[in-house]
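In what follows, a structure is listed as structure tokens, so that the remarks can point back to it.
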Amino acid sequence: MTTEAIPTAVTAVPDWAPGENHVVLREQELNFYAPEVFHNCQIIDNYIPLLIHDINTSQDIYQIYVNHVGCLDYLIMVNNWPIKKVQVFGRIIEETIMSEKSLVLIKIDDSSDDNSCITLRLKIDLFLSIGLNMYDNYGKIISVEGKISRIKSNVQILVDEIKILRHRDTLSIEIDCWRERLDYRNEILSKPWVFSPQSKEVQVVYTPKFSPREIKRQEEKNKLKVVNPIAFESQLIEDSLNIYRDVNGPKYKNESPTKITNEVLIEIQICKYIIQNNYPKIKFTQLLNNIKVSELLNNLTSYKYQTSPINLQQNVQAYKSIIFRKIQYDLQENYKLISVSDDMIKSSNLKELVKRLKKILKRLPTGSKLLVEKLTDLFINKGLVGNVNVDLINGLIDYVKDEERNWVYDKTAEAWSYTGSKRRFMT
């Protein structure tokens, strides 16, 4: 796809517009306004859909604002529109892990012209949260929203939001994205921004479009709050007992919970360590000092390294760091079991969850089944936890259950029950 450049200022001798303090440079009928009035621009706070070619060929802002060198690195100038937030798309063609900074650099290409590549900077947690895999993303089409930044004079994008449009080839997606950006370019950016100091109205001319799925996801996220544990107590127990009554006449199989071979096993071990040590306030990285956590993490890293389709020998430590940060992301953001501030763990939600599990297990009637999946859904719907993994809840039940009872786990039904207390013999 080849595009024509949007008209920009030329470097001719300017007319400095004497007497108009809000105009820095005038070239024919095109005014470049003082940075102090940029907040009046209708699109300044919007994510603007742009072709990467238009970003890379935008006017050198410091040729216009010669007295502001280094102060406008967060902006590009398209025509005379100041833009600090952009919405771009493209195929992933390169990625670099910066584990020491917990960052990922991704280079994408939207094929809008020869000069159509740009580098994205995003946190490892955000990279992992949408399902991207380390060094296995070449050709995936992604859409990002982010802020303009200059790193050694090179324009990059600091990513705020990212999503995968398609995992591999599909021209129709690219055509739709090109069309959206060309339409906006022709309708808005090809015309100059006109600012009048007398004008008090600011009209937003463009609002980024979000899919119903994105809107619903945000609404669900906003609803996700930890409720008052006192008000929650009676209803939780009542609902839990209703779950027990759902199953009649079971045939139990005396089995241990399903064996887990992924990150969840490490997450369970981390929770067990926190519970064992009475919910200490420690740095998340200190968890690596726990022999069991460290051993499980090393084993998982080794397994993923050996089964990776490409040679990752030079990136094993980065690979391990990303796995560990993904586990933190799950426990903190997805499951809402812990919070981390300045790398210090606070585990009040995990403590409250364990308290509820113990109470529910204690009140479980003999011969009734505790369905783990339904119990997990109940916790999520009541806001006690986030979108927690069922296997994690199962692992916690296995750990906190009263050993004085004869517990039985039915693997097929994914349910716990007990047949009475263990017998004690006089010696």
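The values are calculated or read from the model by the stated rules, or taken from the named source; none is laboratory data. The shown structure was predicted, so the numbers you read here are calculated from the model rather than taken from an experiment. We place every Cβ from the backbone using ideal geometry, glycine too, and count neighbours over all the protein chains shown.
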Legend entry - Filter pass, Ser308 being surrounded by 14 or more Cβ atoms within 10 Å (Cβ to Cβ), out of contact with any Lys or Arg (no Cβ under 8 Å at 6 or more places or on another chain), modelled with pLDDT of 90 or more and not hydrophobic (A, V, I, L, M, F, W, C): no
Inset, instruction - Just need a number here: residues in the range 156-195 that are hydrophobic (A, V, I, L, M, F, W, C), under 24 Å from Ile130 (Cα atoms) and touching a residue at least 24 places away in the same chain (Cβ under 8 Å). - result: 9
Inset, instruction - Pull up the range 61-99, narrow it to residues that are modelled with pLDDT under 90 and small (Gly, Ala, Ser), then point me to the one that is farthest from Lys152 (Cα to Cα). - result: Ser99
Inset, instruction - Could you check how many residues of the range 388-411 are over 15 Å from Tyr273 (Cα atoms) and either part of a loop (DSSP other than H, G, I, E, B) or not β-branched (Val, Ile, Thr) (or both)? - result: 14
Legend entry - The listed residue being part of a helix (DSSP H, G or I), outside the structural domain of Tyr135 (by TED's automatic domain parsing), out of contact with any Lys or Arg (no Cβ under 9 Å at 6 or more places or on another chain) and at pLDDT below 90, out of Leu300, Leu353, Leu288: Leu288
Legend entry - The listed residue being among the acidic types (Asp, Glu), at pLDDT 85 or above and buried (at least 21 other Cβ atoms within 10 Å of the Cβ), out of Asp54, Asp45: Asp54
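Results for (1) assigned to a strand (DSSP E or B); (2) surrounded by fewer than 19 Cβ atoms within 10 Å (Cβ to Cβ); (3) among the small types (Gly, Ala, Ser), shown as yes or no for each residue.
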| residue | (1), (2), (3) |
| --- | --- |
| Asp125 | no, yes, no |
| Leu128 | no, no, no |
| Met134 | no, no, no |
| Val144 | yes, no, no |
| Lys147 | yes, yes, no |
| Ile164 | yes, yes, no |
Inset, instruction - Only residues in the range 19-42 that are in the same structural domain as Asp60 (by TED's automatic domain parsing) and in contact (Cβ under 8 Å) with a residue 60 or more places away in the chain count as the first member; pair them with residues that are of a type in the set (Val, Ile, Thr) and not in a helix (DSSP H, G or I), Cβ under 7 angstrom, at least 6 apart or cross-chain, and list the lot. - result: Asn31/Val23; Tyr33/Val23; Tyr33/Val24; Asn40/Val202; Gln42/Val202; Gln42/Val204; Gln42/Val205
Inset, instruction - Please determine, by comparing only the residues of the range 360-372 that are loosely packed, with under 14 Cβ neighbours inside 10 Å and out of contact with any Asp or Glu (no Cβ under 8 Å at 6 or more places or on another chain), which one is nearest to Gly395 (Cα to Cα). - result: Arg363
Legend entry - From Ser102, Ser149, Ser153, residue being of a type outside the set (A, V, I, L, M, F, W, C) and touching a helix residue (DSSP H, G or I) at 6+ places or on another chain (Cβ under 9 Å): Ser102
Legend entry - Residues of the range 337-381 classified as within 23 Å of the chain's Cα centre (by Cα) and farther than 21 Å from Trp407 by Cβ, total: 17
